[in-house]
Amino acid sequence: MGAWGTHRAQADHRPEGDGTVTAESVRTDIDDRIWPGLADVPAGPRARFLAAGADRLFRRAAARLAVRVEYPDGSVVGAGDRREILPRMIVRRPDAFAARLADGGLIGFGEAYMVGDWTAPDLAAVLTAFAAGVETLVPRPLQRLRRLFVAAPPARDLGTEQNARSNVARHYDLSNDLFELFLDQTMTYSSALFDGEPVGWDQLANAQRRKIDRLLDAAGVGPGTRLLEIGTGWGELCIRAAQRGANVRSVTLSAEQQALARRRVAEAGHADSVQVDLLDYRAVEGEYDAIVSVEMIEAVGHRFWETYFAALDRLLAPEGTVALQAITMTHDRMLATRDTYTWVHKYIFPGGCLPSTEAIEAVTSRHTTLRVRELTSLRGHYAETLRLWKDRFAARSADVAALGFDETFRRMWLFYLAYSEAGFRSGYLDVQQIVFDRGIGPR
């Protein structure tokens, strides 16, 4: 297993022909396309001019936030009283930080953390402060010009049938061993549902089972239910549904997840009632009494939401129920960001787009017979879930390194987990369990 950040010859490892993607090809692909040049700071007169402007904008924005930004010259920027304990952002290389910010905006902000231009003792707290003030970070006149200077997602990341396999692989096929280091024994990679306080690691596995059981209950899954799961994960939902007596078909685009899910299902004694296929949701056939999908719609992309829900509508039996868990944004933020390329797209989830509940209801009411029956937010639960994952990942940094993931990757992954936690703590993000029944049909 090669170390991330080592030099490799340039190559295109995106799937061809049968779409075969291996964990090693995923690592090499990202290594080749992203790591080279990451440490290079934009230079030249134009870069310095833009960096000076970015520095002024950043300091002006940070001055209004509940954060303490510390510079090497001893200067401090932040809105709090100096006696107040605020999350600390320590800028170690201010010129490089400003240059990356000018060159890449929020992508540059994340990249500056990845290479060590800035750091923070409590990264999630710093990012929560920025997420809470996201509307003020860029002056309103510049916000109106967003589309002129913020890049659009590359065509190769759009969620077509040709691209979806590699989009999923670039995250989920990194290494099952990596995910095992920071997930609990259920290997569940979505928001848990806790029951009271305190929230600690020892409660996480049961909280994940509680979340799954709530979805299965909402979908009416019991003995003899023909259940379709879109997005297998590592098999925990399959196992719990089979324990109820359901006949389960689960589909995934991750070969690594399929292999481990099949093994876990077999070890649990349910191989006869659970089928795990490597298959795109658009290619599924049959009729199912219930359909469950946990945090998979985020990978679909807004151009394919109609296709996704049309597939659910086509596959669901007349009296069936759909239960989804979906990360959501407010509708105005979704509209403002759905066509922009972000740090998360570049490094974590290519091709993704978070829906709003309004968008989901609009698409289903106009194009399907599905109607929303129930919406339940788990926002606070996700913030705590992510905190536990982040802390465990940080504590096992040496084990992550032993798997071949270099320091840049480790800082990237920590930023991703803290960035996500901050989104839920600030209210910038939400996560909903959404239950659909049949309605009267599309208008």
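What to note about this one:
- Pairs, first within 16 Å of Asp430 (Cβ to Cβ) and among the polar types (S, T, N, Q) in region 341-358, second at pLDDT 95 or above and surrounded by fewer than 20 Cβ atoms within 10 Å (Cβ to Cβ), C-beta under 7 Å, six or more apart: Ser356/Thr330; Ser356/His331; Thr357/Leu375
- Residues satisfying the stated conditions in region 391-406, i.e. modelled with pLDDT under 95 and of a type in the set (D, E, K, R): Asp406
- Output for region 310-344, where each listed residue is of a type in the set (A, V, I, L, M), out of contact with any Phe, Trp or Tyr (no Cβ under 9 Å at 6 or more places or on another chain) and either modelled with pLDDT of 95 or more or not assigned by TED's automatic domain parsing to the domain that holds Thr376 (or both): Ala310, Ala326
- For region 330-443, the helices (runs of 4 or more DSSP H) that sit wholly inside it and include 1 or more residues that are of a type in the set (Gly, Ala, Ser) and under 21 Å from the mean Cα position of the chain (by Cα) are 331-337, 357-367, 379-395, 397-402, 407-426.
- Qualifying residue in region 261-277 (condition: basic (Lys, Arg) and under 23 Å from Arg156 (Cα atoms)): no
- Qualifying position, being surrounded by 15 or more Cβ atoms within 10 Å (Cβ to Cβ), modelled with pLDDT under 90 and farther than 23 Å from Ala401 by Cβ, among Pro94, Pro15: Pro15
- Of residues in region 255-273 being touching a strand residue (DSSP E or B) at 6+ places or on another chain (Cβ under 8 Å) and closer than 22 Å to Arg165 by Cα, the one surrounded by the most Cβ atoms within 10 Å (Cβ to Cβ): Ala261
- Number of residues in region 171-181 that are assigned to a helix (DSSP H, G or I) and surrounded by fewer than 23 Cβ atoms within 10 Å (Cβ to Cβ): the value is 7.
- Conditions (1) buried (at least 21 other Cβ atoms within 10 Å of the Cβ); (2) over 12 Å from Val294 (Cβ atoms); number of the one not met by Gly220: (1)
- Within region 183-214, the residues that satisfy the criterion of being more than 27 Å from Val400 (Cβ to Cβ) and exposed (fewer than 15 other Cβ atoms within 10 Å of the Cβ) are Asp195, Gly196, Glu197.
- Filtered residue count, region 300-346, keeping only those that are under 30 Å from Trp413 (Cβ atoms) and among the small types (Gly, Ala, Ser): 4
- Meets criteria (assigned by TED's automatic domain parsing to the domain that holds Val292, surrounded by fewer than 22 Cβ atoms within 10 Å (Cβ to Cβ) and closer than 27 Å to Leu216 by Cα) for Glu421: no
- Tabulated pairs, region 113-127, first outside the structural domain of Phe415 (by TED's automatic domain parsing), second buried (at least 19 other Cβ atoms within 10 Å of the Cβ) and aromatic (Phe, Trp, Tyr), C-beta under 6 angstrom, 6+ apart or interchain: Tyr113/Phe415; Asp117/Phe97; Trp118/Phe97; Leu127/Tyr419
- Residues that are of a type in the set (Phe, Trp, Tyr) and over 28 Å from Leu174 (Cα atoms) occur in region 301-312; there is at least one.
The values are calculated or read from the model by the stated rules, or taken from the named source; none is laboratory data. Keep in mind it's a predicted model, so treat the numbers as computed, not measured. Cβ atoms come from the backbone with ideal geometry, glycine included; neighbour counts cover every protein chain shown.
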